[in-house]
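Single-structure report; data block below.
The values are calculated or read from the model by the stated rules, or taken from the named source; none is laboratory data. If you're wondering where the values come from, they're calculated on a predicted model, not measured in any experiment. Methodologically, a virtual Cβ is constructed for each residue, glycine included, from the backbone with ideal geometry; neighbour enumeration extends over all protein chains shown.
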Amino acid sequence: MKPALLLIGGGGHCRSCIDVVESNVHFSIAGIVQPKSDSSGKVLGYPVLGCDDELPELVSIFKYALVTIGQVKNVQPRISLFEKLKELKAELPIVKSPLAYVSRHATLAEGTIIMHGAIVNANSTVGPNCIVNSQSLIEHDVAVGSHCHVSTGARINGGVSLGEGCFIGSGVIVREGVSIGEYSVVGAGQVVMRDIEPRSVLRGKNA
Ligand SMILES: CC(C)(COP(=O)(O)OP(=O)(O)OC[C@H]1O[C@@H](n2cnc3c(N)ncnc32)[C@H](O)[C@@H]1OP(=O)(O)O)[C@@H](O)C(=O)NCCC(=O)NCCS
């Protein structure tokens, strides 16, 4: 029997994650964990099993979990949940869509999801608790730090380094070899041609 995965956070990103997990042969879905204010009902037919406060009990029953809340400007909720799950000794698997390509020369870390149509190419590393979203590209020799979100259709070219906690918006292009400092936010559609200081926010003309 496939191990059942708890999905932590039941919003839009969770619905995309459900589709990836359903298409993955390794896991089934136990149910969803929501914030306290919203801890009943169903998400795409899967039961909401409880709220974040009930994680100790839920993890003791199900053991496997994935953080499925999204991330744009604020990465902290994903980091806090990941750390709480680690404290509870949950297993945080790598979840990979069968429609994604991950080079056998690439390395992924726990709690990271590779979504439909994404590519992670040779000699790249993707840290823990990352989202490599649908149709994004992590080219060769890229280093993606912990807790990053590479959004839909973003192109991270060869040798780029993304510090911890970065958000890379939809359709972004990052030139080869560029370093993006930790906790930076790169808005949708930006083209990044030079290194970026930590905690930068790039939108409009300032990329
Ligand atoms: C960068 C971002 C986080 C900034 O959000 P914000 O601080 O709320 O900024 P606002 O939406 O209030 O926009 C502020 C100004 O910057 C401009 N702007 C914002 N993001 C921009 C972008 N990516 N490219 C160009 N201009 C942008 C807005 O048009 C607005 O201009 P104005 O003041 O002349 O009207 C957001 O715009 C963004 O790009 N989000 C990512 C969306 C995405 O990729 N989602 C995919 C999830 S998988």
Practice task
Just give me the residues in region 161-185 being part of a strand (DSSP E or B), within 13 Å of the ligand (Cβ to nearest atom) and more than 16 Å from the chain's Cα centre (by Cα), in sequence order.
Solution key: I173
Exercise for the section: Return the total of residues in region 11-47 being free of Cβ contacts under 8 Å to residues at least 60 places away in the same chain, surrounded by fewer than 17 Cβ atoms within 10 Å (Cβ to Cβ) and either not acidic (D, E) or not in a helix (DSSP H, G or I) (or both). Expected result: 13
Exercise for the section: Return a yes/no flag: does region 83-91 have any residue that is assigned to a loop (DSSP other than H, G, I, E, B) and in contact with a strand residue (DSSP E or B) (Cβ under 7 Å, 6 or more places away or on another chain). Expected result: yes
Practice task
Determine which single condition I131 fails, assuming it passes every other condition in (1) over 19 Å from A30 (Cα atoms); (2) in contact with a helix residue (DSSP H, G or I) (Cβ under 8 Å, 6 or more places away or on another chain); (3) surrounded by fewer than 23 Cβ atoms within 10 Å (Cβ to Cβ).
Solution key: (3)
Exercise for the section: Spot the failing condition for S151; the list is (1) away from the ligand (no atom under 16 Å from the Cβ); (2) closer than 30 Å to L5 by Cα; (3) of a type outside the set (K, R); (4) in contact with a Gly (Cβ under 8 Å, 6 or more places away or on another chain), and only one is missed. Expected result: (1)
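When you look at T68, is it at pLDDT 95 or above, within 16 Å of C14 (Cβ to Cβ), touching a His at 6+ places or on another chain (Cβ under 8 Å) and of a type in the set (S, T, Y), yes or no?
Values: at pLDDT 95 or above: yes; within 16 Å of C14 (Cβ to Cβ): yes; touching a His at 6+ places or on another chain (Cβ under 8 Å): yes; of a type in the set (S, T, Y): yes.
Judged against the criteria, T68 is a match.
Quickly run through region 56-82 and pick out the residues that are in a helix (DSSP H, G or I), away from the ligand (no atom under 16 Å from the Cβ) and touching a residue at least 40 places away in the same chain (Cβ under 8 Å). Quick ask: steps written out before the conclusion?
If we filter region 56-82 for residues that are in a helix (DSSP H, G or I), which is where we start, we get 56-62, 76-82.
Cutting the leftovers down to away from the ligand (no atom under 16 Å from the Cβ) gives us 56-62, 79-82.
Of everything in region 56-82, those that are in a helix (DSSP H, G or I), away from the ligand (no atom under 16 Å from the Cβ) and touching a residue at least 40 places away in the same chain (Cβ under 8 Å) turn out to be L58, V59, F62, I79, L81, F82.
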Problem - Unmet requirement for R78, which otherwise passes all of (1) touching a Leu at 6+ places or on another chain (Cβ under 8 Å); (2) surrounded by 17 or more Cβ atoms within 10 Å (Cβ to Cβ); (3) closer than 28 Å to P198 by Cβ; (4) of a type in the set (D, E, K, R) - result: (1)
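Among the candidates S28, S39, S80, single out the residue that is of a type in the set (G, A, S), more than 24 Å from H149 (Cβ to Cβ) and modelled with pLDDT of 95 or more.
Working: S39 fails: modelled with pLDDT of 95 or more; S80 fails: more than 24 Å from H149 (Cβ to Cβ).
Result: S28 is the single residue among S28, S39, S80 that is of a type in the set (G, A, S), more than 24 Å from H149 (Cβ to Cβ) and modelled with pLDDT of 95 or more.
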Completion exercise
Exactly one of E176, E182, E164 is in contact (Cβ under 8 Å) with a residue 24 or more places away in the chain and more than 27 Å from G9 (Cα to Cα), and that one is E176
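Could you tell me which of the residues E139, E176, E197 is buried (at least 19 other Cβ atoms within 10 Å of the Cβ) and acidic (D, E)? If you could, list the steps in order and put the result at the bottom.
Numbers: E176 fails: buried (at least 19 other Cβ atoms within 10 Å of the Cβ); E197 fails: buried (at least 19 other Cβ atoms within 10 Å of the Cβ).
Criteria check complete, one pass: E139.
Do we have G117 as more than 24 Å from V25 (Cα to Cα) and in a loop (DSSP other than H, G, I, E, B) here? Walk me through how you get there before you give the answer.
Numbers: more than 24 Å from V25 (Cα to Cα): no; in a loop (DSSP other than H, G, I, E, B): yes.
No.
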